[in-house]
Ligand code: B12
Ligand code: SF4
Ligand code: SF4
């Protein structure tokens with residue numbers, strides 16, 4: 001498979017009106033959400049297994065030693081495919097237009113949207129494997145673990161707000177974008193969307209990183225500071241996960257079985273573009 005064929009494969013899933021990118025009427029949380037399209041065309045980046053940046057992610061303060069490297073997930077690994085699924089304007093606008101609590105559209109994109117990403121990445125890994133290139137989706141592997149609040153995962157003692165495979169850091173290595181003050185990863189198509197990834201033995205041309213600083217795509221405008229209903233973000237300190245996470249938990253109580261927030265993404269100058277891209281730094 002070529003990179004173009006991979007892109008066509010993902011696009012085909014996104015455009016399929018009977019596929020998981022459209023909310024079925026039977027589960028719509030409100031009538032307006034029936035047939036809601038959650039994602040637009042994807043943005044795909046490729047990282048090489050040999051990129052030194054993977055090893056750097058293991059350093060304390062970046063992710064840490066619990067980060068599992070591509071060749072540890074899959075010994076035959078040659079490339080990492082990172083995919084950004086940008087939310088449709090309707091999903092983002094509904095979130096920006098609803099103060100404090102998540103909009104019905106955002107709730108769907110958080111839950112059914114994530115299920116769709118797993119379905120697409122697993123189908124891609126399957127297609128690659130059937131073509132002779134063993135492939136794997138890290139968050140669907142038995143070794144994947146994540147920790148939210150301190151002590152929430154006994155398998156990750158002493159760790160919080162982290163995981164064994166961070167999709168944003170993988171996207172950073174794969175040339176898709178850089179972090180924002182809100183800690184979302186900002187791509188050339190913005191921050192409002194979600195990521196998925198596949199590790200494969202197929203050799204693909206790596207995507208160049210058009211940034212060198214961790215926060216190069218953010219202009220520190222402070223719009224996310226003002227938009228956050230939990231006051232979890234400051235210009236000086238960035239986003240504090242220990243304030244954000246309990247707020248997201250609060251939405252779980254209110255909107256069970258769904259949840260979400262994302263006010264630091266929708267309606268922001270970085271919602272659908274990277275305001276810091278191309279800005280000269282001294
Ligand atoms: C745990 C988790 C949470 C926790 C903690 C957040 C966190 N740590 O990132 C809580 C509950 C708070 C949370 C909240 C939300 N989440 Co969340 N969450 C995750 C999860 C499962 C793991 C994150 C992880 O591994 N973090 C690792 C730690 C180390 O990340 P970090 O502290 O931010 O890393 C910093 C350091 O590395 C630092 N750094 C210092 N030196 C250096 C040097 C280098 C070279 C680099 C690269 C970095 C670096 O820079 C980073 C940013 O400041 C991922 C899914 C996944 N498997 O990736 C989704 C994920 C991060 N969440 C996501 C989303 C959308 C949300 C919410 C908007 C909720 C919602 N959907 O409504 C909010 C807001 C998130 C935000 N503002 O970024 C998306 C982010 C999409 C995006 N555009 O970035 C993800 C990737 C899920 C997905 N599949 O797309 N989340
Ligand atoms: S809203 Fe402004 S400060 Fe916040 S992440 Fe986006 S560009 Fe950066
Ligand atoms: S997800 Fe919500 S609570 Fe968390 S930082 Fe963003 S706006 Fe604030």
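Based on C-alpha pairs under 8 angstrom that are at least 6 apart in sequence, the stretch 227-282 has a relative contact order of 26 percent.
Peptides 74-85, 14-25 ranked from most to least packed by the mean count of surrounding Cβ atoms within 10 Å: 74-85, 14-25.
Each of 68, 117 was scored by other Cβ atoms within 10 Å of its Cβ. Arranged with the fewest first, they read 68, 117. The modelled label-to-label distance between residue 115 and residue 142, using points 7 Å beyond Cα along the C-beta direction, is 2.5 nm. Among 222, 55, 132, which one shows the highest mean-square fluctuation when the chain is modelled as a Gaussian network with alpha-carbon springs under 10 Å? The residue that fluctuates most here is 132. Computed over the chain, the percent of Cα pairs more than 35 Å apart is 13. The protection proxy used here, the mean number of other Cβ atoms lying within 10 Å of each residue, ranks peptides 201-208, 261-268 as follows, highest first: 261-268, 201-208. Overall shape of the stretch 2-158 was characterised from the C-alpha gyration tensor. The equivalent ellipsoid obtained from it has semi-axes of 30, 23, 14 Å, in decreasing order.
For the stretch 201-246, the convex hull drawn through the C-alpha positions has a volume of 144 cubic angstrom per residue.
Dimensions of the stretch 89-231 based on its C-alpha atoms, expressed as ranges along the principal axes with the largest first, amount to 49, 38, 32 Å. GNM remark for the chain: springs join alpha carbons under 10 Å apart, and the peak mean-square fluctuation among 271, 114, 231 falls on 231. Put a dot 7 Å past the Cα of residue 240, heading toward its Cβ, do the same for residue 30, and the two dots end up 3.2 nm apart.
Taking 22 Å as R0, compute the FRET efficiency from the Cβ-Cβ separation of residue 18 and residue 129 and round it to 0.05. It comes out at approximately 0.35. Taking every C-alpha pair closer than 8 Å and separated by at least 6 residues, the mean separation divided by the residue count of the stretch 134-282 gives a relative contact order of 25 percent. With no solvent and one equal point scatterer placed on each C-alpha of the stretch 132-202, evaluate the Debye formula and give log10 I(q)/I(0) for q = 0.20, 0.26, 0.28 Å⁻¹, two decimals. Values, matching the q order: -0.95, -1.14, -1.19. The alpha carbon radius of gyration of the stretch 151-282, expressed as a multiple of 2.2 N^0.38 Å, is 1.14. What the Cβ-Cβ distance of residue 41 and residue 76 gives, at R0 = 35 Å and to the nearest 0.05, is a FRET efficiency of 0.70.
Diagonalising the gyration tensor over the Cα atoms of the stretch 237-282 and scaling each eigenvalue by 5 before taking the square root yields semi-axes of 30, 14, 6 Å, largest first. Calculated translational diffusion coefficient of the stretch 51-111 (25 °C, 0.890 mPa s; Stokes-Einstein with Kirkwood radius over alpha-carbon pairs) equals 165 µm²/s. Here the Kirkwood formula puts the hydrodynamic radius of the stretch 10-56 at 13.2 Å, using every distinct Cα pair. Label-to-label distance for residue 208 and residue 8 is 2.7 nm, based on points extended 7 Å past Cα in the beta-carbon direction.
The numbers here are math on the coordinates, done by the rules we state, and not lab data. None of the values given here were measured: they were computed from a predicted structure. For neighbour counting, all protein chains shown are included, and Cβ atoms are generated from backbone atoms with ideal geometry for every residue, glycine included.
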